[in-house]
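The values are calculated or read from the model by the stated rules, or taken from the named source; none is laboratory data. The structure displayed is predicted, hence computed values, not measured ones. Every residue, glycine as well, gets a Cβ built from its backbone with ideal geometry; the counts of neighbours run over all protein chains shown.
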């Protein structure tokens with residue numbers, strides 16, 4: 001069994017993406033790692049080349065700004081990176097620039113890939129998600145944060161990235177997948193408030209017009225982390241590859257996890273989910289089999 005990893009990145013230094021940590025977090029699982037670097041205005045390529053691994057294969061791409069509506073550009077670039085995967089690979093493991101896999105899940109991931117290797121009914125593996133918010137101490141626990149998504153797919157080029165590269169489809173249809181006992185840790189909302197404001201501005205231009213994002217940038221100097229509906233405290237350990245970054249954190253944010261901002265409907269659905277573990281009436285970008 002051969003597993004290839006793949007990711008896309010552009011302007012990693014300017015936006016302070018934990019792309020090195022993302023790549024390192026799945027390197028022990030994959031046999032090769034495709035890193036597609038978009039034309040950048042910073043030292044992104046030097047950053048990637050600093051990773052000491054022969055598994056890494058760098059390819060280059062130019063992102064088309066005309067495709068930014070709805071984040072389509074991210075799906076196009078993900079598909080382009082997917083095309084570079086070794087035809088001999090059985091699985092393709094996709095990781096985004098702000099996603100990390102804890103080392104405690106490596107065995108479970110490879111075991112699941114092996115177990116379903118010859119099961120033709122399964123086209124992908126579905127991961128649980130944790131979304132960190134503000135600092136490394138808080139996670140979003142409401143319905144606004146997707147709690148599962150497909151991150152490993154068959155090396156079948158009829159499978160394509162969907163919308164803004166959140167998940168995958170084949171001919172527009174959701175993939176049949178198996179849920180596995182592994183989490184992806186999403187750190188995209190963890191930065192100091194000033195960096196967060198700038199990162200949202202830069203990333204937002206992949207979805208919105210320059211006029212819209214310029215208006216957003218002028219609205220304040222920093223991002224207000226108090227605008228959330230529900231959070232919980234993270235009580236476990238972070239991945240080893242994140243420890244150095246966490247040690248360098250230079251900001252403090254104290255958020256009230258008892259504060260809940262729900263409509264009556266969402267309050268009831270939140271209560272049901274916490275009691276039963278089931279998320280009712282949520283959008284699913286996949287079909288579990």
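Worth pointing out:
- Some residue of the stretch 99-117 being crowded, with 20+ Cβ neighbours inside 10 Å, part of a strand (DSSP E or B) and either touching a helix residue (DSSP H, G or I) at 6+ places or on another chain (Cβ under 8 Å) or in contact (Cβ under 8 Å) with a residue 40 or more places away in the chain (or both): yes
- Residue in the stretch 14-21 that is in contact with a strand residue (DSSP E or B) (Cβ under 9 Å, 6 or more places away or on another chain), in a helix (DSSP H, G or I) and within 19 Å of residue 246 (Cβ to Cβ) present: yes
- Evaluation of residue 228 against (1) surrounded by 15 or more Cβ atoms within 10 Å (Cβ to Cβ); (2) under 30 Å from residue 28 (Cβ atoms); (3) touching a strand residue (DSSP E or B) at 6+ places or on another chain (Cβ under 9 Å) (one fails), failing number: (2)
- Every residue from the stretch 163-182 that is in a strand (DSSP E or B), in contact with a strand residue (DSSP E or B) (Cβ under 7 Å, 6 or more places away or on another chain) and surrounded by fewer than 20 Cβ atoms within 10 Å (Cβ to Cβ): 169, 170, 174, 176, 178, 179
- Qualifying residue in the stretch 92-105 (condition: more than 19 Å from the chain's Cα centre (by Cα) and on the phi < 0 side of the Ramachandran plot): no
- Scan the stretch 34-57 for residues that are surrounded by 13 or more Cβ atoms within 10 Å (Cβ to Cβ) and assigned to a helix (DSSP H, G or I) and the total you get is 5.
- Selection status of residue 73, assigned to a helix (DSSP H, G or I), modelled with pLDDT under 95, on the phi < 0 side of the Ramachandran plot and crowded, with 16+ Cβ neighbours inside 10 Å: yes
- Search result, residues across the stretch 13-50 that are at pLDDT below 95 and under 11 Å from residue 97 (Cα atoms): 15, 16
- Residue match in the stretch 61-68 (condition: modelled with pLDDT of 95 or more and surrounded by fewer than 22 Cβ atoms within 10 Å (Cβ to Cβ)): yes
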